[in-house]
Amino acid sequence: YSEIYLIKCSLFIIHVSVQVQQILRERFCERRLPDRPEGVEAQYKHLLELLRRTAIHGESNSVLIVGPRGAGKTMLLQCVLRDLQKEEKVQKNLLQVHLSGLLQTDDRTALKEITRQLHLENVVGDKVFGSFAENLAFLLEALKKGNRSSSCPVLFVLDEFDLFAHHKNQTLLYNLFDVSQSAQAPIAVVGVTCRLDVLELLEKRVKSRFSHRQIHLLSSLNFTQYLERVWTQLSLPDSFPDKKFAQEWNAGVKTLCEDKSVEEVLQRHFNSSKDFRSLHMLLMLCLSHVSVAKPTIKPADLLEASRMYFADATANMLHGLSILELCLVIAIKHLNDVYEGEPFNLQMVHNEFKKFLHRKSNSMYNFEQPVVMKAFEHLQQLELIRPVDGSTAKVQREYQLMRLTLDHSQIMEALQKYPQCPTDVKQWAMSAFG
């Protein structure tokens with residue numbers, strides 16, 4: 001019986017652990033929207049009312065959601081759309097078109113995407129249109145049910161809105177705003193951008209047709225609120241099946257948030273960035289330490305997660321270089337010190353490397369020029385060095401001017417951690433920085 005009991009207990013622990021991981025990972029990966037967005041209640045209400053007027057009453061609108069990356073602009077919009085879709089009238093009527101400035105890089109591809117998302121490919125067929133405006137007007141006309149008042153309302157969401165302002169003549173923006181202003185068909189245009197100066201990018205004719213409604217999402221969190229947010233993000237909900245485990249877990253999270261070392265780590269993150277995305281990334285790294293054998297989060301886990309979060313990716317890349325490539329980086333840094341950051345080329349670096357071989361090293365042999373060139377090109381592929389702006393393609397590769405993208409501390413840190421680095425190379429590096 002005792003063996004059966006132990007097996008049941010272990011299976012139960014595994015089951016609970018899987019549930020914890022599933023709930024928290026969904027939260028941190030932003031797969032599940034919050035019931036109501038925190039700290040932006042006024043903006044939520046404003047946007048919901050605006051889109052409801054378009055969806056139910058056929059009133060055209062345009063609005064911009066502005067805020068830094070990770071402030072919750074997309075989350076706010078998705079929460080509004082989710083709650084809007086719960087209304088029966090909206091479910092039947094509202095059509096949505098989602099465009100991104102990163103994907104639809106010109107008006108022609110944007111128009112194709114609008115046609116695809118509205119399922120009007122068959123209606124358009126082989127028709128030839130004289131202008132963009134004519135094509136868009138035809139698409140909106142095709143959505144009419146019989147008379148003007150009963151047209152299907154269309155919601156256009158333009159992600160990375162500022163990139164649409166770089167399209168030729170801003171034709172897409174002009175026509176969308178023109179339709180929303182002239183009441184040809186009920187449409188709402190919602191732009192999402194992280195640029196505060198976005199209106200300055202718009203042409204005069206586009207700006208005059210925009211409603212100038214802006215919803216700003218600017219974080220006003222203080223550190224106490226930030227700590228509370230960490231606690232709520234790590235806590236298990238009341239609906240968790242095992243109430244006793246949920247209480248113990250939440251008590252453990254509260255103790256964790258009150259720990260001094262944890263507070264110091266979170267203060268550093270708070271000073272670095274207040275956005276949700278970076279916090280979720282930190283907590284996800286923290287959650288990866290939770291297992292069946294260790295079913296709680298300890299302060300040491302958060303310290304380790306913070307170390308991984310702030311790890312220098314470029315310095316880590318140096319650990320994978322060959323000895324020759326590392327020597328070239330040291331030679332480049334030596335040239336930088338001597339010539340005070342002036343650009344360098346392969347020939348100069350190779351000469352500096354040959355001086356080192358001639359002067360000190362017994363443990364290494366001379367590399368042929370093609371081998372050195374290959375190593376130099378690999379450094380360029382890794383973007384540890386980059387060509388100087390405006391350096392012409394006609395120049396031979398070994399004379400093309402380059403700049404180093406690393407600093408002194410990154411190279412020294414990489415040398416300390418480099419496995420089995422020859423002593424001569426370390427001494428050369430120290431002398432180069434001396």
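Values computed for the structure shown
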item	result
Reach of K204 by Cα under 20 Å, taken over lysines that are not fewer than 8 positions away in the same chain	K168
Fraction of beta bridges assigned by DSSP in the chain that are antiparallel (%, nearest 5)	15 percent
Cα-based Kirkwood hydrodynamic radius, the range 221-310, one decimal, Å	13.4 Å
Hits among lysines - C-alpha to C-alpha of K86 under 20 Å, sequence gap 8 or more where chains match	K45
Cut-off of 10 Å, at most 11 other beta carbons, DSSP loop: longest stretch of the chain lacking such trypsin sites (Lys or Arg not before Pro)	146-393
Cβ-Cβ FRET estimate between A42 and S239, R0 fixed at 25 Å, reported to 0.05	0.30
Amide hydrogen neighbours beyond the local backbone of I187, cut-off 5 Å, H modeled	S60, N61, V154
Label point distance in nm, R386-A293, each placed 7 Å from Cα along Cα→Cβ	4.4 nm
Between helix 299-309 and the chain: long-axis angle, C-alpha atoms, 0 to 90°, nearest 10	90 degrees
Unit Cα scatterers, Debye sum, the range 188-248: log10 I(q)/I(0) for q = 0.12, 0.15, 0.22, 0.29 Å⁻¹	-0.60, -0.69, -0.95, -1.24
In degrees, nearest ten, helix 423-433 long axis to first principal axis of the chain (Cα)	70 degrees
Per-selection Rg to Rh, the range 41-216 - Cα, Kirkwood hydrodynamic radius	0.94
The chain: angle of helix 260-272 to the longest principal axis, Cα-based, in degrees nearest 10	70 degrees
Net length gained if the chain between N122 and I23 were fully extended (0.36 nm per residue, minus Cα distance)	31.4 nm
Extension gain from E264 to L218, taking 0.36 nm per residue of separation minus the Cα-Cα distance	14.1 nm
Modelled FRET efficiency - R0 45 Å, D407 with S182, Cβ distances, 0.05 increments	0.20
Cα-based convex hull, the range 273-380, per residue volume (Å³, whole number)	193 Å³
Heavy-atom accessible surface of the chain: percent carbon and sulfur, 1.4 Å	53 percent
Inverse of mean 1/r across different Cα pairs in the chain, Kirkwood, Å	27.1 Å
For the range 315-433: rounded, prolate or oblate by the Cα gyration tensor [a/c cutoff 1.5]	prolate
Linear extension gain, E398 paired with L357, 0.36 nm per residue minus alpha-carbon span	12.8 nm
For the chain, accessible area per residue (1.4 Å probe, heavy atoms of protein chains only), Å²	55 Å²
Members of K254/K294; K274/K417; K333/K426; K244/K294; K254/K298 lying beyond 20 Å, as alpha-carbon distances in this model show	K274/K417
Loop-located GluC sites (Glu not before Pro) in the range 81-133, at most 16 other Cβ atoms within 10 Å (DSSP)	E87
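The values are calculated or read from the model by the stated rules, or taken from the named source; none is laboratory data. None of the values given here were measured: they were computed from a predicted structure. Every residue, glycine as well, gets a Cβ built from its backbone with ideal geometry; the counts of neighbours run over all protein chains shown. Protein only, heavy atoms only, side chains kept; ligands, DNA and RNA dropped before computing areas. Shrake-Rupley method; radii C 1.70, N 1.55, O 1.52, S 1.80 Å.
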